[in-house]
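Okay, so here's the structure we're looking at.
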Amino acid sequence: MSFEITGLSFSYGDHAVLEGVDLSVADGELACVLGPNGVGKTTLFRCILGLERPRAGTILVNGRPLDELSVAERAREMAFVPQSHAQVFDYEVLDVVLMSAASRLGPLRAPAASDRARAEEALERVGVAHLAHRSFMQVSGGERQLVLIARAIAQNARSIVMDEPTSALDFGNTARVMAVVRRLASEGLSVIASTHAPDLAYLYADTVLALDNGRVRACGSPADVITGPLLSELYGLPVEVSSLYDDKVRACVPTEMLRGDSPFVTSGRGKR
Ligand SMILES: Nc1ncnc2c1ncn2[C@@H]1O[C@H](COP(=O)(O)OP(=O)(O)OP(=O)(O)O)[C@@H](O)[C@H]1O
């Protein structure tokens with residue numbers, strides 16, 4: 001089991017954020033974490049990455065307790081893909097990917113030719129090798145996200161944690177990035193990603209964890225978790241879930257928008 005999180009509880013001072021969270025993600029699996037703003041998704045990831053110390057609970061990464069891993073070992077086991085719009089690197093794309101080598105290098109050691117080759121190969125794998133010598137700040141949000149995923153691949157870790165990998169992306173780039181993430185999982189990595197889009201979680205994930213107020217509201221197969229009643233309760237508004245393409249797709253619709261008397265409906269839209 002690549003991530004085995006048991007009874008995880010965390011507080012910022014007096015403010016309890018996570019309570020008794022359990023999650024297992026095996027090699028080859030993609031788990032999506034869903035939940036309203038402020039529910040504790042990023043905090044959960046910070047605990048998994050060893051950046052916050054839980055009040056209670058255990059985290060095993062590839063079978064080893066997180067708190068027994070050195071910083072370098074954590075970097076070998078886990079790669080982190082942050083939200084692309086939070087980045088301020090003014091480096092060439094290839095140099096951003098080469099930063100993945102930092103955990104293997106001693107202080108003041110330059111990356112070797114093999115690190116460079118690995119970085120170039122990772123860019124190739126996510127389809128953005130042509131951007132290698134462009135400025136990271138001057139490529140699009142979707143391309144930037146793919147570069148950050150390439151950096152995670154080049155790190156050669158067995159597990160990847162992604163904080164809202166598609167939050168800044170358009171429709172096409174969302175599909176491209178999620179396809180890459182899905183492929184990485186299918187190739188044997190364990191991946192945990194947060195998302196605000198239940199229909200994306202349904203389409204791509206093997207497991208969905210729905211957090212509500214820092215507690216697990218549901219965790220299981222997308223078919224069990226992505227349902228109208230659960231999403232309505234989780235987000236506090238009526239949601240209908242329609243099954244499409246033999247239930248390979250579920251469209252999640254906030255039905256408030258469809259009611260003729262809805263205060264949100266100001267034009268002809270939704271009144272039919
Ligand atoms: N450094 C901090 N100190 C104190 N409280 C914090 C800190 N970081 C986050 N919080 C609080 O912890 C709670 C969970 O925050 P977190 O960022 O984990 O939520 P999230 O689910 O990732 O939210 P979003 O979907 O908006 O990104 C929130 O109430 C937030 O205000």
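Bear in mind these aren't lab numbers, they're just calculated from the coordinates by the rules spelled out. Fair warning: this is a prediction, and the values are worked out from it, not measured in the lab. Virtual Cβ from ideal backbone geometry, glycine too; neighbours counted across all protein chains shown.
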Give me the Debye-computed log₁₀ of I(q)/I(0) at q = 0.18 Å⁻¹ for the stretch 3-236, equal point scatterers on Cα only, no solvent, two decimals. -1.38
Please go through the stretch 1-71 and write out the trypsin sites (Lys or Arg not before Pro) that DSSP classes as loop and that have at most 14 other C-beta atoms within 10 Å. Arg55
Just flag the chymotrypsin sites (Phe, Trp or Tyr not before Pro) in the stretch 204-245 sitting in loop per DSSP whose Cβ has no more than 11 other Cβ atoms within 10 Å. Tyr245
When the helix-only estimate is applied to the chain (DSSP H runs of n ≥ 4, each -39,500 (n - 2.57), divided by the residue count), what is the mean residue ellipticity at 222 nm, nearest 500 deg cm²/dmol? -8500 deg cm²/dmol
Over the chain, what is the percentage of antiparallel beta bridges among all DSSP beta bridges, to the nearest 5? 60
Only sites in a loop by DSSP and with at most 12 other Cβ atoms within 10 Å count here; which GluC sites (Glu not before Pro) in the stretch 157-258 make the cut? Glu187
For the stretch 120-166, what is the largest minus smallest coordinate of the Cα atoms on each principal axis, given in angstrom and ordered from greatest to least? 28, 24, 14
Return the single residue from Val97, Val147, Val216 with maximal mean-square fluctuation; model: Gaussian network over the chain, springs between Cα atoms under 10 Å. Val216
From the mean inverse distance of alpha carbon pairs (Kirkwood) and the Cα radius of gyration, derive Rg over Rh for the stretch 122-272. 1.04
Provide, as a two-decimal number, the C-alpha radius of gyration of the stretch 141-228 over 2.2 N^0.38 Å, N being how many residues it has. 1.09
